[in-house]
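In what follows, a single structure is set out as structure tokens and then discussed.
The values are calculated or read from the model by the stated rules, or taken from the named source; none is laboratory data. Since the structure is predicted, the reported quantities are computational estimates derived from the model, not experimental observations. So basically every Cβ, Gly included, is an ideal-geometry build from the backbone, and we count neighbours across all protein chains shown. Just the protein is used for accessible areas: all its heavy atoms, side chains included, with ligands, DNA and RNA removed. Shrake-Rupley method; radii C 1.70, N 1.55, O 1.52, S 1.80 Å.
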Amino acid sequence: WLQKTITAAELIGQIEIINDRISVFFIDIDEMKIFNDLNSRLKGDQVLCLLQQQLSEYNGKDAYLGSDEYIVILDNMGLSKCTNVANEIRELSVYPSLTVVYTNNVSGRYIKQTIVKLKKGMSKVKQQQNNIIAYIKWDML
């Protein structure tokens, strides 16, 4: 299934040529290594596959970044709608613990920088707590 998933590089290439405003969601499956150790790598791969299927239902662009990370890019939306989507993503997961960081109103041509900044934001958030959502303002990244 991972071979069918768009790569992050392909996604970035598609997005950065547009200047449209977008909303970006960075998703990290919490403690995936522990899950694999306790349940098997095969069960872990099944979780990843199911999450990918669920994320693709958002009719945006999504990509598997590797390991336990995903990126979802949707048309730009207001903060309250972004928060609702982030909560939906976290709640739809077959896996019990996801952390989602997100931002909105970003130009598509800054997608690389946005992903890097959201990944840094994810690290900061996860130092404090797992299984939460966190909005990160572009200018605060």
Asp20 - accessible surface, heavy atoms, 1.4 Å probe, Å² rounded to 10:
100
Quarter of the Cα convex hull surface for the chain, i.e. its orientation-mean projected area (nm²):
7.8
Give the lysines whose C-alpha is closer than 28 Å to that of Lys124, dropping any in the same chain fewer than 8 places away, or say none.
Lys33, Lys61, Lys81, Lys112, Lys137
Once the other residues with Cβ under 15 Å from the Cβ of Ser67 are scored (Lys, Arg +1; Asp, Glu -1), what is the net sum?
-3
Taking loop as defined by DSSP and a crowding limit of 11 other beta carbons within 10 Å, which GluC sites (Glu not before Pro) in region 1-85 fit?
Glu57
By the scheme Lys and Arg +1, Asp and Glu -1, what is the net charge of all other residues having a beta-carbon under 13 Å from that of Ile27?
-4
Could you pull out every one of the aspartates and glutamates with an alpha carbon less than 19 Å from that of Lys119, ignoring same-chain neighbours closer than 8 positions?
Glu10, Glu16, Asp28, Asp30, Glu31, Asp62, Asp68, Glu69, Asp139
